[in-house]
Structures are given as C-alpha cells and as structure tokens.
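Everything on this sheet refers to the single structure shown next.
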Amino acid sequence: MTSKTPWSIPVRRDDVPETGLHLDLSADEKTRNAVAALAGVDALPRLAASFDVTRRGSGLRVAGEVVASVGQTCVVTLEPIINEVREPIDLVFVPPTPERESAADEASQSIDPEAEDEPEMLVDGTADLGAFAIEFLMLGIDPYPRKPGVAFDAPKKEDDGGHPFAVLAALKRGGGGREG
C-alpha cells in the first residue's frame with residue numbers, strides 16, 4: 001500500500017491478533033517537518049500517537065490519541081510560541097461495499113453536523129493510522145494562537161470624522177446644506 005501522506009503507519013486487519021494490538025508511535029524529524037509544512041505551522045518538535053487496535057467484525061476499531069507540540073506565531077504579539085495538542089481518536093474501519101461507497105459519496109454532498117460519524121473504509125484491508133493521526137492533529141491546531149495572558153486590544157476611536165459617512169452625518173446635523 002503506497003500512501004501520499006507524510007506519516008504512513010499501515011495496519012492490516014488480518015495482522016491484528018484476536019487479543020488486539022497496542023501501538024506507541026513517534027514521528028521522526030523528517031516526518032515532523034513534512035507534517036508541519038502540510039499543517040501550515042512553524043515547527044512540530046513532537047508528534048506521537050498511541051493506539052489500541054482491535055478487530056471488530058470484518059473491520060477494526062482504533063482508539064487512542066495523538067499528541068504534539070506545535071510551533072506557531074502568536075497572532076497578537078507575533079512572537080513564536082509552542083502549543084500542546086492532545087486529540088482523542090475513536091474510529092471504526094469497515095471493508096468497502098458498493099452500498100457503503102455510494103453512501104459515502106452521498107454523505108460528501110450533504111453534511112449533517114448532528115449525524116453520527118460514518119465508519120472509515122479499509123483500503124485493501126488496511127487502515128493507515130499515521131494518516132488519521134495527521135488528520136486529527138490538524139483538527140486540534142489552534143488557527144489563532146495566542147501567548148498565555150495576551151489579549152488583543154482594539155485601537156481606540158479618537159475621531160468620528162474618519163468613517164465613510166462622516167460627511168453625510170455633518171450635512172444632516174447642519175440642516176442638509178440647504179438654505180432656506
């Protein structure tokens with residue numbers, strides 16, 4: 001199985017023992033740099049995941065979490081900061097069937113945020129845990145990171161004459177500019 005993701009950890013359903021499988025994963029520097037570029041963050045000094053993989057019928061259940069230290073830039077001070085991300089993962093993988101594939105196509109066209117999550121599809125009997133770790137990491141990254149204790153203070157208004165309708169307001173106050 002060839003993957004286009006920078007962190008690929010394929011687990012075949014047939015390779016998971018009946019008693020289950022526990023995996024503690026840690027991405028190397030090259031992988032972390034590639035994931036940081038994909039996620040649009042300054043750095044990724046730590047990226048790890050812990051998974052318990054169990055058979056579930058003809059599929060798999062994967063439960064665990066992804067943890068990372070994410071280097072970003074504070075949106076207020078523009079200083080570098082490190083944020084910690086910890087995202088739980090609980091997924092079910094099932095083999096594809098024509099019915100599931102057509103349901104997945106329909107689901108991609110209409111999204112119901114209240115609906116229960118659909119199971120993920122096994123690809124050739126395999127689940128790529130690295131790809132899903134990256135997906136959950138990206139969901140956990142703060143898009144507007146701030147240093148602890150820093151708040152954005154909007155500039156104070158000094159002059160009401162600077163807004164686009166100031167001339168109209170002045171005309172209205174002054175009798176509309178008509179003599180009469």
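Out of Arg61, Arg32, Arg13, Arg55, one residue alone is out of contact with any Ser or Thr (no Cβ under 8 Å at 6 or more places or on another chain), of a type in the set (Lys, Arg), buried (at least 16 other Cβ atoms within 10 Å of the Cβ) and closer than 23 Å to Val123 by Cβ. It is Arg55.
Can you say whether Pro17 is part of a loop (DSSP other than H, G, I, E, B) and at pLDDT below 95, as far as the supplied structure shows? Answer is no for this residue. Quick check on my filter: what residues within the stretch 1-10 are of a type outside the set (Phe, Trp, Tyr), part of a loop (DSSP other than H, G, I, E, B) and surrounded by 12 or more Cβ atoms within 10 Å (Cβ to Cβ)? Within the stretch 1-10, Ser3, Thr5, Pro6, Ser8, Ile9 meet the criteria. Can you tell which of Phe152, Phe132 is part of a loop (DSSP other than H, G, I, E, B), of a type in the set (A, V, I, L, M, F, W, C) and modelled with pLDDT of 70 or more? Residue meeting the stated conditions: Phe152.
Within the stretch 82-101, is even one residue at positive phi, surrounded by 13 or more Cβ atoms within 10 Å (Cβ to Cβ), at pLDDT 95 or above and assigned to a strand (DSSP E or B)? No - not one qualifying residue is present in the stretch 82-101.
Checked against the criterion of being part of a helix (DSSP H, G or I), acidic (Asp, Glu) and either at pLDDT 95 or above or more than 30 Å from Pro145 (Cα to Cα) (or both), the stretch 39-58 contains not a single residue that satisfies it. Within the stretch 20-29, restricting attention to residues that are assigned to a strand (DSSP E or B) and under 20 Å from the mean Cα position of the chain (by Cα), the residue that is surrounded by the fewest Cβ atoms within 10 Å (Cβ to Cβ) is Ser26.
The values are calculated or read from the model by the stated rules, or taken from the named source; none is laboratory data. Model, not experiment: these values are computed from the prediction. Reconstructed Cβ throughout: ideal geometry from the backbone, glycine too, with neighbour counts over all protein chains shown.
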